[in-house]
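Presented below is the structure to which this report refers.
Rule-based calculations on the coordinates, nothing more; no lab input. Just so it is clear, the model here is predicted, and its values are computed rather than measured. Here the Cβ positions follow ideal geometry from the backbone for every residue, glycine too, while neighbour counts run over all protein chains shown.
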Amino acid sequence: MLPYIDIHNHRLQEAPNSFQLLNCISGKENFPEIPCSVGIHPWYVLEDVNAQYETLKLQASKENALAIGECGLDKLTETNWQLQIEIFEKQIQLANELQKPLIIHSVKAYQEVFATLREQKVTVPVIFHGFNKKAELGNSILLQGYYISFGTSILQGNQDDFIQSVDLEKIFFETDDKSTNVVDIYSYFCSVRKIRMSALQEQIIQNFKKIFRYTIVE
Ligand SMILES: [Zn+2]
């Protein structure tokens, strides 16, 4: 049976036949021994940000850290904006150095995230996680060569037109902090896109292999 891939979650779920990439918030959570992403979340920038970044560097260079993030910019959090930009820039540089993909958190800050990625000359794949916006913004993300990860928000039906047209080689699925089974997100996508589940599963496995450079062993 082909596995379902959940590229971003905060708690491992009891979900048979799924591969879950656990997200570790550096400085807040312990670094796990299983495949994970690790980054400094804009909500959790510590007072001693330099020490926090040093810790992240050590964690991110471990073999089971498949990606850097989630990291990015958030206009609704209290974290100082300038500090958010600085720590985001550092994480882009770290991803470039380690050649590991970036998982992006963006809240009301897409243009600023785009600009920062450009300024830092990002050289690794960039995935916008939890994408819940309209096709226009989605297409602009894809046009820049970046990737999109869909979460439970697609179940509300507001992204159906984007689902119908999105490039299947540029997408992932995730559960984030929700308890929804990732299979339900796959199923919804299949019904809107009118493709077979196994075709979608195969495509996502290929995307994962290519971007995360990791082969899932069952
Ligand atoms: Zn998250």
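Counting every other Cβ atom within 10 Å of each residue's Cβ, 121, 178 order from fewest to most as 121, 178. Cβ crowding within 10 Å, taken as a proxy for footprinting-reagent exposure, orders 126, 45 from fewest neighbours to most as 45, 126. Using the Karplus relation 6.51 cos²θ - 1.76 cosθ + 1.60 with θ = phi - 60°, the per-residue 3J(HN,Hα) values for the range 7-14 come to 7, 7, 9, 9, 8, 5, 9, 7 Hz, with x marking Gly and Pro. Our coupling estimate for the range 17-26, obtained by passing each phi through the Karplus curve with A = 6.51, B = -1.76, C = 1.60 and θ = phi - 60°, is 6, 10, 9, 10, 9, 6, 9, 10, 7, 5 Hz, Gly and Pro reported as x.
Ordered by packing density, taken as the mean number of other Cβ atoms within 10 Å over each peptide's residues, highest first, how do 53-62, 191-200 rank?
Details: 53-62: 16.9, 191-200: 13.2.
Top to bottom by mean Cβ count within 10 Å: 53-62, 191-200.
Judged by the ratio a/c of the largest to the smallest principal axis of the C-alpha gyration tensor, the range 1-111 counts as prolate, that ratio being 1.5 or greater while a/b is larger than b/c.
Determine the shape class of the range 96-218: with a ≥ b ≥ c the square roots of the Cα gyration tensor eigenvalues, call it rounded for a/c under 1.5, and otherwise prolate if a/b is greater than b/c, oblate otherwise.
Numbers: a/c = 1.77, a/b = 1.26, b/c = 1.41.
Note, shape of the range 96-218 comes out oblate.
Under 17 Å of direct C-alpha separation, and excluding same-chain neighbours fewer than eight residues apart, residue 194 reaches these aspartates and glutamates: 160, 161, 167, 169, 184, 202. Taken over the alpha carbons of the range 4-212 as equal point scatterers, the Debye sum produces base-10 log I(q)/I(0) values at 0.10, 0.15 Å⁻¹ of -0.39, -0.91.
Show that you can apply the helix-only estimate: for the chain, add -39,500 (n - 2.57) for every DSSP H stretch of four or more residues, divide by all residues, and state [θ] at 222 nm to the nearest 500. Walk me through the numbers on the way to the answer.
Details: 7 runs with 83 residues, N = 218.
Only helices count here, giving -12000 deg cm²/dmol.
Summing +1 for each Lys or Arg and -1 for each Asp or Glu among the other residues whose beta-carbon sits under 12 angstrom from that of residue 10 gives -3. Excluding same-chain neighbours fewer than eight residues apart, the lysines reachable from residue 121 by a Cα-Cα span under 24 Å are 57, 62, 75, 90, 100, 108, 170, 209, 210.
What does the charge count around residue 185 come to, taking other residues whose C-beta lies under 9 Å from its C-beta (Lys +1, Arg +1, Asp -1, Glu -1)? Within the 9 Å Cβ shell, the charges total -3.
Computed from backbone phi, the HN-Hα couplings of the range 144-156 come to 7, x, 8, 10, 10, 10, 8, x, 5, 5, 5, 5, 7 Hz, rounded to whole numbers (Karplus: 6.51 cos²θ - 1.76 cosθ + 1.60, θ = phi - 60°; Gly and Pro given as x). Remark on residue 4: its backbone amide H falls under 5 Å from those of 18, 19, a criterion applied only to residues 5 or more positions apart or on other chains, H modelled at 1.01 Å from N.
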